[in-house]
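The values are calculated or read from the model by the stated rules, or taken from the named source; none is laboratory data. No experiment lies behind these values; they were computed from the predicted model shown. Counting neighbours? That spans all protein chains shown, and the Cβs are built from the backbone with ideal geometry, glycine included. Heavy atoms of the whole protein, side chains included, go into the accessibility calculation; ligands, DNA and RNA do not. Shrake-Rupley method; radii C 1.70, N 1.55, O 1.52, S 1.80 Å.
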There are 2 protein chains.
Amino acid sequence: MTTHFMIRVQTARDADELSRQERKVSEFVLSAPEEAMRLSLARLAEAVGVSEPTVLRFCRKLGCANLQEFRIKMASAEAIGLPATHAEIAPGSSMADIAARVLDFSVSNLDNLRRQIDTDALQRIVDLLIGARSIHFWGNGASGIVARDAQQKFPLFGIPCLAETDSHQILINASTLSARDVVVVFSNTGRNSTMMPSVVAARANGASVVVVTSNSGSPLARAASLACCVPTLDNTDIYTPTISRIAALCVVDMLAIAVAQTRDSLACRKIKTMKETIVNVFRDDSSSPHGNE
Amino acid sequence: MTTHFMIRVQTARDADELSRQERKVSEFVLSAPEEAMRLSLARLAEAVGVSEPTVLRFCRKLGCANLQEFRIKMASAEAIGLPATHAEIAPGSSMADIAARVLDFSVSNLDNLRRQIDTDALQRIVDLLIGARSIHFWGNGASGIVARDAQQKFPLFGIPCLAETDSHQILINASTLSARDVVVVFSNTGRNSTMMPSVVAARANGASVVVVTSNSGSPLARAASLACCVPTLDNTDIYTPTISRIAALCVVDMLAIAVAQTRDSLACRKIKTMKETIVNVFRDDSSSPHGNE
DNA sequence: TCAAAAACGTAGTATAGCTACATTTCGAAG
DNA sequence: CTTCGAAATGTAGCTATACTACGTTTTTGA
């Protein structure tokens with residue numbers, strides 16, 4: 001994957017991978033990436049103050065076969081808004097830096113998700129949800145947010161839904177389930193130990209349990225009827241934004257759309273009517289889970 | 001912006017902007033974009049079955065000064081995936097299509113946000129939050145999710161926080177506020193009419209009210225002490241994923257990071273300790289708003 | 001201090017991109 | 001149907017580009 005080319009350039013500079021002249025090239029590239037990818041070899045060498053072969057040697061050290069490939073990787077990195085420096089946010093950053101890096105990190109992650117997500121697993125989940133008598137969304141902490149979001153969406157397609165974020169309530173909920181009920185558990189690590197007894201209880205009662213997690217080999221994933229892996233770039237630094245919520249929210253969107261699509265168009269018309277009603281009553285579509293709120 | 005280049009190619013083909021031979025080029029480009037941007041002029045012309053100048057004329061018609069620029073735009077477009085205009089999801093799409101488009105749309109939006117966000121406004125909000133005695137997050141519907149998310153984060157920096165998502169509770173909450181209290185209202189449209197009385201009441205009591213919205217000219221934005229505009233690409237179609245939550249969640253991250261950074265490092269150490277504790281107790285950092293959940 | 005190795009630049013070559021111009025194709029008027 | 005003109009397309013040739021082989025300089029370590 002070519003996702004983090006600018007970071008590759010930076011680490012190459014910071015580590016001792018580059019020679020003195022090559023480092024001059026890397027500094028120019030980092031400070032003026034737009035120019036660097038548009039200039040010809042001769043002009044780039046002149047701008048940096050080194051010879052043409054040195055620039056080429058620099059490109060090769062970064063894993064590019066030739067200047068063309070270097071330019072393509074630069075263009076990709078710039079398009080995706082990759083951070084000029086680390087994705088981790090250094091103390092003392094300006095507001096503009098913080099904003100750029102939070103967004104860069106989020107975009108990189110979604111881009112990553114796009115390439116890795118298991119759509120077959122998603123389809124199997126959709127099949128389960130469509131046949132469900134009721135859907136129960138469980139999640140603690142930040143995953144509780146995702147559960148609530150899902151709960152706001154799905155009832156509109158005509159399926160009764162519940163969201164629980166309290167471990168005790170979740171266990172109580174689990175004991176009330178039976179066959180044709182479907183549980184969707186959100187847990188990024190897949191190691192939420194308080195969740196496990198509830199998953200076991202739910203399955204013992206005949207309910208299907210889907211786990212959405214970033215770790216397909218985790219205990220919860222193994223305990224589930226069906227697991228969907230949502231890979232996230234690991235970064236445990238304190239300043240790192242919590243990306244997995246966002247990835248999980250996107251997954252909720254995908255599932256909701258797929259379910260809506262499969263259900264008859266009547267349901268869709270219902271939603272449209274409801275949305276318009278909400279807009280008219282509140283003069284604010286923020287109350288609709290399907291508004292752009 | 002060069003975000004939508006592939007769509008530009010497609011519309012050029014579908015409209016009658018291209019000659020017969022040039023259309024052959026466009027078809028090759030659309031069917032094999034990776035190849036098209038890596039091949040040399042001669043090889044590309046050969047692969048398409050036209051002469052070199054025809055390929056160049058094709059590039060020019062698409063607004064590229066030369067082949068280099070064409071390649072850079074291709075690389076950018078490929079990196080960012082399909083553009084937003086194409087992201088509306090047609091009924092009958094496959095799961096893979098749905099997943100790709102939800103993510104493409106989210107990425108396009110965050111990319112857009114990245115270019116437009118008002119970091120000065122954010123900084124002013126941070127200044128307010130740092131001086132706050134307590135912080136109150138308000139939001140209805142999908143914005144309620146965002147409010148809850150914020151409420152999970154900020155107490156860790158040592159600031160007492162409350163999230164309210166019920167209009168009546170919000171109004172009650174508003175009447176209890178005084179100077180040095182800060183309210184953060186989330187409303188994508190900025191037209192949540194039920195929110196207005198509460199905003200007025202809060203300000204009458206001397207509290208500061210910040211509104212995070214996509215519409216800087218909206219009633220709520222005008223009624224606020226401080227407004228932060230979070231632009232989102234409009235798309236009211238039923239299948240459109242609700243992007244603004246995601247954008248708003250990113251804004252919450254930015255604010256949280258900026259506040260954490262400004263507070264003394266003691267607070268940061270506290271969070272680290274807390275996070276470790278949670279991991280040890282629950283064997284799952286999903287319970288921590290700062291875990292990668 | 002000296003020799004080996006790495007770094008770097010010079011100069012030369014093949015090729016890539018680009019342009020001016022010739023040829024062909026197509027459409028409309030006679 | 002023929003003829004003329006304009007648009008479309010290809011040919012051929014020029015310039016600058018990317019890349020390489022080799023020679024020079026600098027650095028390194030004994």
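Criterion applied to B:LEU41, B:LEU56 was being within 14 Å of chain A (Cβ to nearest Cβ), more than 15 Å from B:PHE5 (Cβ to Cβ) and within 11 Å of DNA strand D (Cβ to nearest atom), and the one residue passing it is B:LEU41. For region A:59-78, the candidate set comprises residues that are of a type in the set (D, E, K, R), within 11 Å of chain B (Cβ to nearest Cβ) and within 12 Å of DNA strand D (Cβ to nearest atom); within that set, the residue that is most open to solvent (accessible area, probe 1.4 Å) is A:GLU69. The criterion of at least 3 residues that are free of Cβ contacts under 8 Å to residues at least 12 places away in the same chain is met, among helices (runs of 4 or more DSSP H) falling completely within region B:1-79, by B:20-31, B:41-48, B:52-61. Checking the structure you have, find out if any residue of region A:164-178 is in contact with a Phe, Trp or Tyr (Cβ under 9 Å, 6 or more places away or on another chain) and in contact (Cβ under 8 Å) with a residue 40 or more places away in the chain. No. Those helices (runs of 4 or more DSSP H) of region B:87-179 in which 1 or more residues are at pLDDT 90 or above occupy B:119-130, B:142-153, B:167-175. Residues in region A:17-37 that are within 14 Å of DNA strand C (Cβ to nearest atom) and either out of contact with any Cys (no Cβ under 9 Å at 6 or more places or on another chain) or open to solvent by 50 Å² or more (accessible area, probe 1.4 Å) (or both): A:GLU17, A:LEU18, A:SER19, A:ARG20, A:GLN21, A:GLU22, A:ARG23, A:LYS24, A:SER26, A:GLU27, A:PHE28.
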